[in-house]
Amino acid sequence: MRPPSLRSREVSSSRKYWRTFPVNGVAMCGDCVEKEYPNRGNICLENGSFLLNFTGCAVCGKRDFMLITNKSLKEEDGEEIVTYDPDLCKNCHHVVARHEYTFSIMDEFQEYTMLCLLCGKAEDTISILPDDPRQMTLLF
């Protein structure tokens, strides 16, 4: 029996292959999502799953809630990084995606980013000052 590849995996005896995307040693499944890495604008989710983009598990065929597993929090150079495998099929434990969320403070702004095959990619910047300097108008 040959070892499974990160690029494609065999599903039962039907010899169907699904698209996978290796990220940090975890293969994410492109056949379980409607759109890969959808642009979410400035909607950065620290946790949860974007179920509107979930078409159903490519392995068991069911469309159910996701399990959050392997959650880790680490800080690097003042940046908080939350990583987890939220998009684990509740029924067969197939890994759909790996979710990464970052938070940092740069000068007078809070910066958020999100990257996930299922939830999408997004960035947001919010001022920590009472009045956002980007929104101020010049007075003559």
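Can you give the FRET efficiency for residue 91 and residue 131, using 1/(1 + (r/R0)^6), R0 = 35 Å, r = Cβ-Cβ distance, to the nearest 0.05?
Once the sixth-power term is evaluated, E becomes 0.10.
For an R0 of 25 angstrom, estimate the FRET efficiency from the Cβ-Cβ distance between residue 123 and residue 72 and round to the nearest 0.05.
0.70
Each value in this text was obtained by applying a stated rule to the coordinates, not by laboratory testing. The model shown is predicted, which means the values in this text are computed figures rather than measured ones. Neighbour counts are summed over all protein chains in view; Cβ atoms, including those assigned to glycine, are modelled from backbone coordinates with ideal geometry.
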